[in-house]
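Colleague: Below is the structure I would like to discuss, written out as structure tokens.
The values are calculated or read from the model by the stated rules, or taken from the named source; none is laboratory data. This structure is a prediction, so every number in the text was calculated from the model and none was measured. Note: ideal-geometry Cβ built from the backbone for every residue, glycine included; neighbour counts use all protein chains shown.
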Amino acid sequence: MGTIYKRNNTYWLKYYRNGKPYYESTGSSKETEAKKLLKRREGEISEGKLPGIYFDRVKFDELAKDFLTDYRINQKKSLVRAERSTGHLKDYFEGFKVSQITTPHIQSYIETRQDEGAANATINRELSALKRMLNMGARQTPPKVDRVPYIPMLKENNTRKGFFEHGDYLALKDALPDYLKGFVTFAYKTGWRVSEISNLTWGQVDRDQGIVKLEPGETKNDEGRTVYLDEELKEVFNCQWEIRKKGQKLLPYVFPNWDGSDKVKRFDKAWNKACQDAVIGKRLFHDLRRTAIRNMVRAGIPERVAMMVSGHKTRSVFERYNIVNDTDLKLAAQKQEAYLQGQNGYKKVTIVDFPKKEGANQ
């Protein structure tokens, strides 16, 4: 099927696939090495595979470009995160051939990112992006990747600890500027993402019925959502409506920024200052989302309903967000005691102090 020939001191191969000739340098002056490579190429062709020389022409940069193109044409909402992960991968793998992306190199990348201070969860997102790039390349016609290497994932602590006690939330709300009070109140009670609240328009609100709706495609998980407003939130939306009527610019957004010129966007400085003034320590806005889930579950709201309000798609959120504190543990002990006292034959243990003998150690 193929032949070996020499150019200067280097052996070259010539072989055929579907009648098309392929020429490949072995990079070696040893005939035995050339014969081994020719035998491997002939084996690949006999199995219906493209010869390895084809995959050696494909580089990481091409896979990364295809990966981001897939995100754009499918209008995936996590495009920004994908671009960020690709940027870190490119810093290490740029110029790598597909055949050079091996497990040892991937492990070296992990060590590099850890030395840079990246968290395990962040590195895992980047490794997931790399795995998707390689899998996409392997599925293409013709394929750009002949094999996907083993990609080790890191152990990560998936428990999220940040949340608000009710007193902390009230202190924060009092310290916030007026234009953010309603914004934060809605987040505290519904657990919506900051982007979903800032993009909320009056077209999605029925004040007469006390309903707020997000249509399919307007949320991160592409599923629709309906929230019924309680009395406090109804008052918040009525106040926001009055603010809208008094504003110089008629905006479609429910929550305008401080001067009423646009929707609420970045408010890091106002948030951090309010946390400091409220003396509650550094907090994240996302802590409100965790708190809303925890509060709904503890209020007895079924988990499925809580997920429909907050927009969580998988039940794993309860393992991450529904944090147990000391009060929960004490309440569990009290409930167990009350249950046992109601059982037949339950007797409460009484501790008796026996008198000590004279001369015994006190």
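Colleague: So, TYR150, is that one over 30 Å from GLN276 (Cβ atoms), assigned to a loop (DSSP other than H, G, I, E, B) and not β-branched (Val, Ile, Thr) or not? Spell out how you get there, then give the answer.
Modeller: On the way: over 30 Å from GLN276 (Cβ atoms): yes; assigned to a loop (DSSP other than H, G, I, E, B): yes; not β-branched (Val, Ile, Thr): yes.
For TYR150, the condition - over 30 Å from GLN276 (Cβ atoms), assigned to a loop (DSSP other than H, G, I, E, B) and not β-branched (Val, Ile, Thr) - is met.
Colleague: When only residues in the stretch 276-294 that are of a type in the set (D, E, K, R) and in a helix (DSSP H, G or I) count, which is modelled with the highest pLDDT? If you could, list the steps in order and put the result at the bottom.
Modeller: Quick first cut of the stretch 276-294, residues of a type in the set (D, E, K, R) only: 277, 282-283, 287, 289-290, 294.
Restricting the remaining residues to those that are in a helix (DSSP H, G or I) gives 277, 287, 289-290, 294.
Values: ASP277: 95, ASP287: 91, ARG289: 89, ARG290: 87, ARG294: 86.
Filtering first and then ranking leaves ASP277.
Colleague: Then there is this: Residue by residue through the stretch 262-296, note down the ones that are surrounded by 17 or more Cβ atoms within 10 Å (Cβ to Cβ), among the small types (Gly, Ala, Ser) and farther than 26 Å from VAL309 by Cα.
Modeller: ALA274, ALA278
Colleague: In addition: Could you go through the stretch 200-213 and let me know if any residue there is touching a Phe, Trp or Tyr at 6+ places or on another chain (Cβ under 9 Å) and of a type in the set (Ser, Thr, Tyr). Talk me through it step by step, then tell me what you get.
Modeller: Initially, the stretch 200-213 is screened for residues touching a Phe, Trp or Tyr at 6+ places or on another chain (Cβ under 9 Å), giving 200-202, 205, 207, 209-212.
Checking which are of a type in the set (Ser, Thr, Tyr) leaves us with 201.
Looking through the stretch 200-213, at least one residue is touching a Phe, Trp or Tyr at 6+ places or on another chain (Cβ under 9 Å) and of a type in the set (Ser, Thr, Tyr).
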